[in-house]
1. Taking the DSSP beta bridges in the range 62-283 as the whole, what percent of them are antiparallel, to the nearest 5?
2. When we measure straight from the Cα of K81, which aspartates and glutamates land under 16 angstrom away, once same-chain ones fewer than 8 places off are left out?
3. Apply the Karplus parameterisation 6.51 cos²θ - 1.76 cosθ + 1.60, with θ equal to phi minus 60°, to every residue of the range 112-118 and state each ³J(HN,Hα) to the nearest whole Hz, in sequence, with x for glycine and proline.
4. Where a Cα-Cα gap under 16 Å defines reach, which aspartates and glutamates qualify for K137, not counting those fewer than 8 residues away within the same chain?
5. With +1 assigned to the C-beta of every Lys and Arg and -1 to the C-beta of every Asp and Glu, and no other charges, what is the dipole magnitude of the range 195-252 about the Cα centre in debye, to the nearest 20?
6. Would you mind working out the accessible area per residue for the chain, using a 1.4 Å probe, and quoting it in Å²?
7. Could you run the Karplus curve 6.51 cos²θ - 1.76 cosθ + 1.60 with θ = phi - 60° over the range 345-350 and give me ³J(HN,Hα) per residue in whole Hz, x for Gly and Pro?
8. Go through the range 4-18 residue by residue and turn each phi into a ³J(HN,Hα) via Karplus (6.51, -1.76, 1.60, θ = phi - 60°); whole Hz please, and just put x for glycine and proline.
Amino acid sequence: MKMTAAMSRLGTESAFEVLARATRLMQQGKNVINLGIGQPDFPTPPHIVEAAVKALRDGHHGYTPANGILALREAVAADMKRHRGVEVHPDKIVIVPGGKVTMAFAMLMFGEPGTEIMYPDPGFPIYRSMIEFTGAKAVPIALHEDKGYAFSAEEVLAQITPRTRLIIVNSPANPTGGVVPKAELDRFVAGMADHPDVAVMSDEIYARMCYDGVPHASLTAYPEIADRLILLDGWSKTYAMTGWRLGYGVWPGDLAEHATRLAINVNSCVNAPTQWAGIAALEGPQDAAEAMVAAFDERRAVIVRELNDLPGFTCPTPGGAFYAFPNITGTGKSSRQIQDELLNECGVAIISGTSFGIYGEGYVRFSYAASIEAIEEACGRIRSYLS
Ligand code: PLP
């Protein structure tokens, strides 16, 4: 069999590989603490589950419109108004099976040989993977620890070439927990006036997980780029719904029609009960989602304190999401070595920074979507091992 060259360019997400290795070790009877996986350790709130069960009982068993049922798109539009203060027409919203799908559709729309797409590094590994799949050149935007892992607008703008089609922004970020300050976004948007043909995809899937009273700064707040901004968001993280597969994109101009055509070709629609659950999530009580963020905030303080207490580790305080991204250069080991040794010797699953790009060397990612006891026990084991 002869497959396309594109298939050989497709990358992966190491979090799933580490999860598989951790699971194997657990099956062999080893006690493994999993701080590797990027998903809330809380169940989906019961009223959301009930809405899906009710939808099935009410007979919502068939296809839905490819861009999502209207009531859900209206609920997303209302949520956009509530949380981001922007008016969006439901026709601009396309419901997809998870945040990743909006990402893939954007790359497929803009990437092809001879073009460039810029992406954050360290960043979510699927950005680079999907860019390269399309044949476009993946141009990393280096994120620096001393800037709180926020991009430098000046550096981003300086890297734009006539071949640049799309720039990906992610704040709060995976894997760093970094948050781009509003002033940096202001500078970025001002500079984009000189590049009117370049589109922007803002991955705001962690928007509701911002700490220290700093409000989330969204790129949707800038009318100057509204005609070329794609917003990626979804339910996975906010409502502990990673396994449901539900996300949305807000598309400018006529791109929602193109995204819908991609959906018709790839997935037809998101399963109906999940869409009804999505309505319940947005329109129902928010206390469970808020309690989850409060719990993450508490754990954030614990993990930052614990990590800074490990020999050879230094860890800045992340401003958002549920990841800590400590610098481990003081251990004298590579990121991959630390990942493997901590899993095999301490039974602690974390992810090497290099899984998120070349600029991830010298760092590892800890997810603190785990109990305080688990975080303390994991750091205790690492401390004993490293000392
Ligand atoms: N964007 C970022 C930055 C993520 O970290 C993730 C998941 O880890 C996604 C998008 C994808 O989310 P989903 O599980 O809804 O596809």
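1. Looking only at bridges with both residues in the range 62-283, the antiparallel portion is about 30 percent.
2. Here the aspartates and glutamates satisfying the reach criterion relative to K81 are D91, E204, D233, E283.
3. Result, rounded to whole Hz: 6, x, x, 10, 10, 10, 9.
4. Reachable aspartates and glutamates: E112, E116, D121.
5. Numbers: 4 positive and 7 negative charges, 61 e Å.
Roughly 300 debye, rounded to the nearest 20.
6. On the way: 16160 Å² over 387 residues.
Accessible surface, normalised per residue, equals 42 Å².
7. So the J values, rounded to whole Hz, are 8, 10, x, 10, 8, 9.
8. Using θ = phi - 60°, the values come out as 5, 5, 4, 4, 6, 8, 6, x, 8, 10, 4, 4, 6, 5, 5 Hz.
The values are calculated or read from the model by the stated rules, or taken from the named source; none is laboratory data. Bear in mind that the values here come from a model prediction, so they are computed numbers and not experimental data. Backbone-built Cβ (ideal geometry, glycine too); neighbour counts: all protein chains shown. With ligands, DNA and RNA removed, areas are computed over all heavy atoms of the protein, side chains included. Shrake-Rupley method; radii C 1.70, N 1.55, O 1.52, S 1.80 Å.
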